[in-house]
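Undergrad: Please read through the structure below; I'll follow up with questions.
The values are calculated or read from the model by the stated rules, or taken from the named source; none is laboratory data. Since this is a predicted model, take the numbers as computed values, not measurements. Here the Cβ is made from the backbone with ideal geometry for all residues, glycine too, and neighbour counts use every protein chain on show.
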Amino acid sequence: MISEFSIYDHLEELRRRLIIVLISIAAFSFLCFFFSNAILEVMISPIKPKVYSLYFLSPYEAFMTKLKLSVISGILLALPLIFYHLWKFVSPGLYPSERQKVVPLVFVSTGLFLLGVLFAYFGIIPFALDFFLNFQAESLEPLISIGAYISFFLSFILIFGIVFELPVLLVGLMFLGVVKAQFLECQRKMAIVAIFVLAAVLTPTVDLITQFLLAVPLWILFELSIIVGKRIEKRIS
């Protein structure tokens, strides 16, 4: 049963839950700042075997880097609480059948995001570092700032985490009847071209190899989405 509240009740509830979420993010970020050195060690581990040291090029760069890591870590730690309050805000407006479908979707989305993050951390980032740092020479040695490296690291992590949500988007569209699995199959060639163009736009580097390493998993996820979509369409029909 969809609960009946006035617009002011909804806005008040939204404001209250946003305040709780922001306070939780601030608390987790404050806590993570005391563990920022350990978090930093995890993030720089892919580059440690390849360079002697990282540097900060301004008096405040090291502090701002640790602050950025603390805030990002705080947001990640607060995600269960964020999802909980989002769910509590949205669920009164959903029917019981719709609620049953949302919960698995949240778990699948989270799993795919983590899969993209792990793929970037263990596969793409070490490969990209090897590729770019191999251009050093006797008179050309890397002098990498911690701020530049963290930006490089986070861009890969976030991009791969987000694009790995492609199956959720496509399967959701097929479930809602916006597109059909057969239509996606017929448009496979166009989709592959679009995937490679998207990879070229999204990758933070300009080399074709890194773009290829993003495009291939996207292509695989696209094909898996069609398979899952066909099964969903058979159950619905």
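Undergrad: Scan the stretch 192-201 and give yes if some residue there is more than 30 Å from residue 51 (Cβ to Cβ), at pLDDT 80 or above, surrounded by fewer than 14 Cβ atoms within 10 Å (Cβ to Cβ) and among the aromatic types (Phe, Trp, Tyr), otherwise no.
TA: no
Undergrad: Within the stretch 130-183, restricting attention to residues that are part of a loop (DSSP other than H, G, I, E, B) and among the β-branched types (Val, Ile, Thr), which residue is surrounded by the fewest Cβ atoms within 10 Å (Cβ to Cβ)?
TA: Ranking the qualifying residues of the stretch 130-183, first place goes to 178.
Undergrad: Give the residue, chosen from 7, 47, 23, 19, that is surrounded by 14 or more Cβ atoms within 10 Å (Cβ to Cβ) and either hydrophobic (A, V, I, L, M, F, W, C) or within 22 Å of residue 122 (Cα to Cα) (or both).
TA: Among 7, 47, 23, 19, only 47 is surrounded by 14 or more Cβ atoms within 10 Å (Cβ to Cβ) and either hydrophobic (A, V, I, L, M, F, W, C) or within 22 Å of residue 122 (Cα to Cα) (or both).
Undergrad: Moving to a separate point now. Report, by residue number, each residue of the stretch 207-235 that is over 27 Å from residue 131 (Cα atoms) and not small (Gly, Ala, Ser).
TA: Matches in the stretch 207-235: 222, 223, 224, 226, 227, 228, 230, 231, 232, 233, 234, 235.
Undergrad: Search the stretch 49-73 for residues being in contact (Cβ under 8 Å) with a residue 12 or more places away in the chain and in a loop (DSSP other than H, G, I, E, B), and hand back the single one that is farthest from residue 148 (Cα to Cα).
TA: 50
Undergrad: Quick test for you: out of 83, 107, pick the one residue that is part of a helix (DSSP H, G or I), at pLDDT 75 or above, assigned by TED's automatic domain parsing to the domain that holds residue 9 and more than 14 Å from residue 17 (Cβ to Cβ).
TA: 107
Undergrad: Any residue in the stretch 124-139 that is within 28 Å of residue 230 (Cα to Cα) and not acidic (Asp, Glu)?
TA: Within the stretch 124-139 (the criterion being within 28 Å of residue 230 (Cα to Cα) and not acidic (Asp, Glu)), the answer is no, since none of the residues qualifies.
Undergrad: Right, here's the next one. Criterion first (under 22 Å from the mean Cα position of the chain (by Cα) and either at positive phi or in the same structural domain as residue 49 (by TED's automatic domain parsing) (or both)) does residue 195 satisfy it?
TA: No, not satisfied.
Undergrad: What are the residues in the stretch 202-213 that are part of a helix (DSSP H, G or I) and surrounded by fewer than 15 Cβ atoms within 10 Å (Cβ to Cβ), if any?
TA: Once the filter is applied, which keeps residues that are part of a helix (DSSP H, G or I) and surrounded by fewer than 15 Cβ atoms within 10 Å (Cβ to Cβ), the stretch 202-213 yields 208, 209, 212.
Undergrad: Shifting gears a bit: So which residues in the stretch 135-152 are among the aromatic types (Phe, Trp, Tyr) and within 16 Å of residue 61 (Cα to Cα)?
TA: Answer for the stretch 135-152, where residues must be among the aromatic types (Phe, Trp, Tyr) and within 16 Å of residue 61 (Cα to Cα): 149, 152.
Undergrad: Against the condition within 30 Å of residue 45 (Cα to Cα), among the charged types (D, E, K, R) and touching a helix residue (DSSP H, G or I) at 6+ places or on another chain (Cβ under 6 Å), how does residue 141 come out, does it pass?
TA: No: the conditions fail for residue 141.
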